[in-house]
Structures are given as C-alpha cells and as structure tokens.
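Engineer: Pasting a structure here, questions to come.
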Amino acid sequence: MAACLLALGSNQGERIANLLAALAELRSHPAVSVERVSSFLETRPVGGPPGQSNYFNAAAIVETQLAPAELIAALLKIEKKLGRERSERWGPRTIDLDVLLCGDQVINQPEIAVPHPRMQERPFVLAPAAEIAGDWVHPTSQKTIGQLLASLPDTSGDLGLRVITSPGEIQAAVLELRREGRRVALVPTMGALHAGHLSLVHIARQHAKIVVATIFVNPTQFGPHEDFGKYPRTLDADLQALSDARCNLVFVPSQADIYPPGFSTYVEPPAVAQPLEGVCRPGHFRGVATVVLKLFHVVPAHVACFGQKDFQQLLVIRRMVEDLSLPIEIVSCPIVREPDGLAMSSRNRYLSPAERQQALAISQALERAAQLAAAGEKNAAAITSQMHSILKQAGIERIDYATLADPETLTELKTLDGPAVALIAAHVGKTRLIDNRLLNSP
Ligand code: AMP
C-alpha cells in the first residue's frame, strides 16, 4: 500500500463538477482509497492559447495497491471517461489528472516519471498540495512541499477564488483566518447569481478583508410542490462572477454535507416568521433558520450580509441572532433592481418575455404605494386596493399578499402613523415573485 499525491485540474466546461466527477471515479476504484482532498483553487492558465478560462486545481492523497504506472493508467482512463481530449499542449482541458508523488519512490522512465518532473515550479500544483501534504518530502530535492511552495516567487496574485466543499475544511480555514486577525464576512446564497447577490459581496468587502460566499440550494426551505428540483443551478458561471467580484472563498457543500443521514435538529423560527411567507410557505422559515444557523457555525464569520429583497427573512435572521446570542453582526443590503424596476431574482429567469413584462406591475404597485404614502395617505386599505388593482390590470391574478405592515413585527397596518413597509408576493405565470418597499410618510 502506498500513499500517493495526485494533482487535478480543469479549465473547460463545468470545472468544479469535472473535478468532483474525477474524485467520484477515484473513490469508486476498487484499488484506490481517497484519503484527503484539498480545496479547489482558481489559477491562471500557464502557456497555451490566449483567452483560456482560469483553472480550478486541486490535490488529493490516495492510498493504493497500484504501482505508479498502474495508477497513471487508471488516471488516464478516468480522464478519457470524463471526455478529455488530449490535443494541443497547454490547451484547455476538461480534466487533467497527474501523479505528483508516490511515497518516496523515484521513477524516471520515458513514459512515467515520479515525482512529477515540473511540480517544483508550479504554484498551481504546490498550493493545493501544500494544504494537505505540506510536510511530505519531495524525494529528489529533499524539501517538503511547504518549503517548495515557499521558495517560489510570491504567487498570491496568481491564485484566485478558493472553493471548499467540506464543512470541516471551511470551518478550519475560517478559524485560521480569524486567528491571523483577519475579519471575515459571509454572503449566503442559493446560487444562480445576479447583480443583487454580487452587490452583497461588494458590501461584505466594505465590512471585512475576507469575503466568503456560500452556494447551497437548501431543500428544507422548499415546500413539497415548490421549485426545488428545477431551481437554476449555474455553478461554473457563479464561480466566475464571484471571482470577478474578488470574493475570496466559496463554500459549496453537497446536500449530505449539510443534512447528513439521521439529521433531525431544526430551529423553531421566531414569531415574525408566522405572517405572510409563513402562511403561504409553511415550514419555509424553519428551513431557512436551520440552514443559516448551521452556516453561521460552519463559516464562523464576524458579519453576514443579507438582502432586503427577502425582507421577512432578514427579520427572522436578525431575531434568531438576538434570541440565540449568536456572535455575528447582520448587515442588511438594499434591493438591486433591473433598470425598469423589477427586483433582481434568480427566479426571473423562469419568466417568458410576456411574463417578464407582466412582472413589472409588482414594482409599479410598490412605487404607487410609496407615492401615496409620501402624499400623506394614511388609510392602508386605500393604498393596498390600488396595489391590487395595478397587479390585476397587468393580468396578475394569483396574489398571495399585497399589504402594508410594521417593518419590525410585520403585523398588518390599518393606518399609516409610523414606519411601514409594503410587501407583495404574487404568481406571474408559474413563477412566484416577492418584492417590498419601505414607505416614508410626510
Ligand atoms: P438567494 O440566493 O435567493 O437565497 O439570495 C441570497 C441573498 O441575496 C439573500 O440575502 C437575498 O436577500 C439576496 N438577494 C437576492 N436578490 C437580491 C436583490 N435583487 N438585491 C439585493 N439582494 C438580493
């Protein structure tokens, strides 16, 4: 049995999915046991044609009975199965698998060389390798992987986003950053990112040196007849957008990472979860509160950013943080809208062009409510009846609510004699959209 260190890379197609697929293949190999996997590090391509995407690189430690030549053959087979075309040198590739080290063996044959001959020069190989095998000794140079990495010129600028899939690893990484005195901000999302999510990343950056985003489509906040199955999943584009927004770390857990077999502990959400969404989506905030509490533990950040787009969610989380004395500051971020007023939402991509037009009535109804309140209208029913008629005129029939509420408790208002928020949830075609707006009275 030998412990071997492997390098994995992908810069074509669904890069993280390709790496995960390669790891799954390795795990199912009868003579290979995957012991440890590094994070997935975004790196610039070296050489090759211009315009290539960035890579995601990773390293893995495997235990195997295979001889190095057999292990390399097994890796080639996996590459082939995952659609790798070995074409131009340094060209883009869906998956690239290499053996870096096999214990202290040294093999120099035309078709097989271990240690990998160029590993010492490659930060994109050494950086992930150092995470899991920093003290392994490279048998020809007699330096550890950590020393080899440290001896390279400063490469921090070549390393971009770091993607972590394991809760234990992200927790360790964030705790380490905190120990180094770095402030950490968290931006939880369900992916299918748009400019609203990215505004949260920018606001997070104003609060902390390190920004951690999470991408997890949380099953427990969806009702049985809701869109969990078809919720948009666009991981590769999301990672590109987060990298461009200079996010530092992304946590992308699997469902089993968050809800392991036997999971049965849930948060009972606070009273503010009961009206509105609480009526229309029973169990929704139980799922939200549970996953957010878990994320706060797994990513122990100093501050977390949430959008006002999900106004009730923000109140639920603020209350939970206060009630449970959680050591995290909650920052609320303004709603980002399309130029015509539609609040950005991952679900907007479900809308047909005609529905997209219809959906505008939601922000228009809120705008009307704001105008009426600003003009001194105190009668809530007078305002909500106009909101309803704007929605109905646009052909929106299924209105879950279009109401005015106290912005702290969400109790429905009959009279506007203090702070107020107008909230709407309505179905446009098969898509349920929510939006809201704070109202100012004269
Ligand atoms: P989601 O991916 O829908 O769970 O949203 C993740 C975070 O992004 C939540 O805090 C949302 O409130 C926030 N968010 C979603 N849409 C917008 C938007 N249009 N403007 C600002 N924040 C948003």
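The values are calculated or read from the model by the stated rules, or taken from the named source; none is laboratory data. Please read all numbers here as calculations on a predicted model, not as lab measurements. Here the Cβ is made from the backbone with ideal geometry for all residues, glycine too, and neighbour counts use every protein chain on show.
Engineer: Go through (1) out of contact with any His (no Cβ under 9 Å at 6 or more places or on another chain); (2) within 16 Å of the ligand (Cβ to nearest atom); (3) among the acidic types (Asp, Glu) one by one and return the number of the condition Glu377 breaks.
Structural biologist: With respect to (1) out of contact with any His (no Cβ under 9 Å at 6 or more places or on another chain); (2) within 16 Å of the ligand (Cβ to nearest atom); (3) among the acidic types (Asp, Glu), Glu377 is out only on (2).
Engineer: Hey, another quick one. Out of Ala185, Ala237, Ala192, Ala204, which single residue is assigned to a strand (DSSP E or B) and within 15 Å of the ligand (Cβ to nearest atom)?
Structural biologist: Details: Ala237 fails: assigned to a strand (DSSP E or B); Ala192 fails: assigned to a strand (DSSP E or B); Ala204 fails: assigned to a strand (DSSP E or B).
Selected residue: Ala185, the only one of Ala185, Ala237, Ala192, Ala204 that is assigned to a strand (DSSP E or B) and within 15 Å of the ligand (Cβ to nearest atom).
Engineer: Run down Gly395, Gly341 and say which single residue is more than 27 Å from the chain's Cα centre (by Cα) and at positive phi.
Structural biologist: Values: Gly341 fails: more than 27 Å from the chain's Cα centre (by Cα).
It is Gly395.
Engineer: Answer yes if at least one residue in the range 366-382 is among the aliphatic types (A, V, I, L, M), closer than 22 Å to Asp310 by Cα and within 32 Å of the chain's Cα centre (by Cα), and no otherwise.
Structural biologist: Looking through the range 366-382, at least one residue is among the aliphatic types (A, V, I, L, M), closer than 22 Å to Asp310 by Cα and within 32 Å of the chain's Cα centre (by Cα).
Engineer: Tell me the residue from Ala365, Ala370, Ala361 that is assigned by TED's automatic domain parsing to the domain that holds Ile399, among the hydrophobic types (A, V, I, L, M, F, W, C), part of a helix (DSSP H, G or I) and surrounded by fewer than 20 Cβ atoms within 10 Å (Cβ to Cβ), please. So that I can check it myself, show each step before the final result.
Structural biologist: Numbers: Ala365 fails: surrounded by fewer than 20 Cβ atoms within 10 Å (Cβ to Cβ); Ala361 fails: surrounded by fewer than 20 Cβ atoms within 10 Å (Cβ to Cβ).
Being assigned by TED's automatic domain parsing to the domain that holds Ile399, among the hydrophobic types (A, V, I, L, M, F, W, C), part of a helix (DSSP H, G or I) and surrounded by fewer than 20 Cβ atoms within 10 Å (Cβ to Cβ) holds for just one of Ala365, Ala370, Ala361, which is Ala370.
Engineer: Tell me whether the range 157-167 contains one or more residues that are more than 13 Å from the ligand (Cβ to nearest atom), over 11 Å from the mean Cα position of the chain (by Cα) and within 18 Å of His297 (Cα to Cα). Outline the logic, then answer.
Structural biologist: Our first condition is that a residue be more than 13 Å from the ligand (Cβ to nearest atom); within the range 157-167, this holds for 157-167.
Remaining after also requiring over 11 Å from the mean Cα position of the chain (by Cα): 157-162, 166-167.
Now narrow it down to the ones that are within 18 Å of His297 (Cα to Cα): 166-167.
Yes, the conditions are met somewhere in the range 157-167.
Engineer: On to the next question. Go through the range 334-351 and report how many residues are in contact with a helix residue (DSSP H, G or I) (Cβ under 9 Å, 6 or more places away or on another chain) and either of a type outside the set (Asp, Glu) or within 18 Å of Asp406 (Cα to Cα) (or both).
Structural biologist: 12
Engineer: Has the range 35-42 got at least one residue that is surrounded by fewer than 16 Cβ atoms within 10 Å (Cβ to Cβ) and without any contact (Cβ under 8 Å) to a residue 12 or more places away in the chain?
Structural biologist: Step one: filter the range 35-42 for residues surrounded by fewer than 16 Cβ atoms within 10 Å (Cβ to Cβ), giving 35-36.
With the extra rule that they be without any contact (Cβ under 8 Å) to a residue 12 or more places away in the chain, the set shrinks to none.
No: the range 35-42 contains no residue that is surrounded by fewer than 16 Cβ atoms within 10 Å (Cβ to Cβ) and without any contact (Cβ under 8 Å) to a residue 12 or more places away in the chain.
Engineer: When you look at Asp400, is it charged (D, E, K, R), out of contact with any Ser or Thr (no Cβ under 7 Å at 6 or more places or on another chain) and in contact (Cβ under 8 Å) with a residue 60 or more places away in the chain, yes or no? Please lay out each step first, then the result.
Structural biologist: Working: charged (D, E, K, R): yes; out of contact with any Ser or Thr (no Cβ under 7 Å at 6 or more places or on another chain): yes; in contact (Cβ under 8 Å) with a residue 60 or more places away in the chain: yes.
For Asp400, the condition - charged (D, E, K, R), out of contact with any Ser or Thr (no Cβ under 7 Å at 6 or more places or on another chain) and in contact (Cβ under 8 Å) with a residue 60 or more places away in the chain - is met.
Engineer: Kindly check whether there is at least one residue in the range 324-334 that is in contact with a Gly (Cβ under 6 Å, 6 or more places away or on another chain) and under 21 Å from Glu408 (Cα atoms).
Structural biologist: Step one: list which residues in the range 324-334 are in contact with a Gly (Cβ under 6 Å, 6 or more places away or on another chain), which gives 333.
In the following step, the residues that additionally are under 21 Å from Glu408 (Cα atoms) were identified as 333.
Yes, that holds for at least one residue.
Engineer: For Val217, indicate whether it is within 13 Å of the ligand (Cβ to nearest atom), in a loop (DSSP other than H, G, I, E, B) and either on the phi > 0 side of the Ramachandran plot or modelled with pLDDT of 95 or more (or both).
Structural biologist: Working: within 13 Å of the ligand (Cβ to nearest atom): yes; in a loop (DSSP other than H, G, I, E, B): yes; either on the phi > 0 side of the Ramachandran plot or modelled with pLDDT of 95 or more (or both): yes.
It is true that Val217 is within 13 Å of the ligand (Cβ to nearest atom), in a loop (DSSP other than H, G, I, E, B) and either on the phi > 0 side of the Ramachandran plot or modelled with pLDDT of 95 or more (or both).
Engineer: Suppose we filter Gly146, Gly83, Gly168 for residues that are out of contact with any strand residue (DSSP E or B) (no Cβ under 8 Å at 6 or more places or on another chain) and within 30 Å of Tyr259 (Cβ to Cβ); which single one remains? Spell out the reasoning first.
Structural biologist: Numbers: Gly146 fails: within 30 Å of Tyr259 (Cβ to Cβ); Gly83 fails: within 30 Å of Tyr259 (Cβ to Cβ).
The match here is Gly168.
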